[in-house]
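Working notes for the structure below.
The values are calculated or read from the model by the stated rules, or taken from the named source; none is laboratory data. In this text the structure is predicted, and so the values were computed from the model without any measurement. When we count neighbours, we look across all protein chains shown, and the Cβ atoms used for this are built from the backbone with ideal geometry, even at glycine.
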Amino acid sequence: MSGRSREPATIEEVAAVAGVSRSTVSRVVNGSTAVSPSALDAVQRAIAELSYVPNRAARSLASRQTLAIALVVPEDTTRFFGDPFFAAIVSGINARLQRSDYVLNLFIANDDPGDKMASYIRGGNVDGAIIVSHHTSDTFVDRIAASVPVVYGGRPVRHREGDYYVDVDNVAGGRAATEYLLSRGHRRIAMIAGPLTMPPGVDRLEGYRQALSAAEVAEGPVEDGEFTTDGGAAAMRRILDAGDPPDAVFVASDLMARGALATLAAAGLRVPEDVAVLGFDDSPVATSVSPQLTTMRQPSFDEGEAMASTLLELLAGRQPRHATIMAAELVVRESA
């Protein structure tokens, strides 16, 4: 036996042991789903047998790829780290990227002074970007989309032909939430909406209005809760201060619903006996409050996985669906 260490296995050796082509091994290594289960198993066994380690640096240099993806979140850090929605989205994205060669770079910014972030992304430092939670004022998003392949988390603010995005059906979700409150006999239904600078804020409000119109029930007061706990509390206070309190309120996020519950409790109103409250997201917040929230479950983890999968398809030169729309599901608990 030679004392010299064995040379690292090559992709050609893996292909020979697995009995497949070099391109099949490459697809497996790069996380492609376009491989049969039998070929995938053979390649994985060959990789383990040969202790094959992909030479990512060499592949990146040869293909001019960085093997990095940017996740751009146009929010401040307080909102990003305080909203469980983002944790679920990032977990889904990361789960998908773990099955690929790509790494994730996170950019959190509700503004881009001096164009620093956009310039970095446009400078060839990432291969593509996922943009989540954008507003109409986030013009730097357009500069990013003009330079690298982009997948949006949520319907784009300014939708253009050729955009790729993954979203929950917010209109249908808002409509189903309001229809449930109507089915429980509520007729004075208020809404705490998200910002109308964001598609989810617009779409969930539209669903609420569609349900009331179909039932020929007058629209209740609508207040912007900014998708935050404090914003939800303040919005609920404005609704109560206007007089004639509602008998139900549809709140467009669980975080805002948490704030609304606090305001109702401070006003001496019982939930759901005096005012029913229905949220949106089914985040951990929904089961951490009392009473526990009836809410619309948003498949945030699955959305994150789908965003990453769509971008990986684009980067591999394939043509995924332009729009992936998922359904929100009613979860009945104690608050409505």
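Filtering the stretch 244-284 to residues that are more than 19 Å from GLU179 (Cβ to Cβ), in contact with a Gly (Cβ under 8 Å, 6 or more places away or on another chain) and among the hydrophobic types (A, V, I, L, M, F, W, C) leaves LEU255, MET256, ALA260. For the stretch 125-135, check the following and say yes or no: at least one residue is assigned by TED's automatic domain parsing to the domain that holds SER283 and either more than 30 Å from THR294 (Cα to Cα) or among the aromatic types (Phe, Trp, Tyr) (or both). No; the residues of the stretch 125-135 include none that is assigned by TED's automatic domain parsing to the domain that holds SER283 and either more than 30 Å from THR294 (Cα to Cα) or among the aromatic types (Phe, Trp, Tyr) (or both). Restrict the check to the stretch 294-303 and report whether at least one residue is over 12 Å from the mean Cα position of the chain (by Cα) and at positive phi. No, the conditions are met nowhere in the stretch 294-303. Taken over the stretch 171-181, the criterion of being closer than 12 Å to GLN210 by Cα and of a type outside the set (Asp, Glu) is satisfied by VAL171, ALA172, GLY173, GLY174, ARG175, ALA176, ALA177, THR178. Among the residues of the stretch 197-223, which ones are under 21 Å from GLY259 (Cα atoms), more than 18 Å from the chain's Cα centre (by Cα) and either surrounded by fewer than 23 Cβ atoms within 10 Å (Cβ to Cβ) or not hydroxyl-bearing (Ser, Thr, Tyr) (or both)? Result: LEU205, GLY220, PRO221, VAL222, GLU223.
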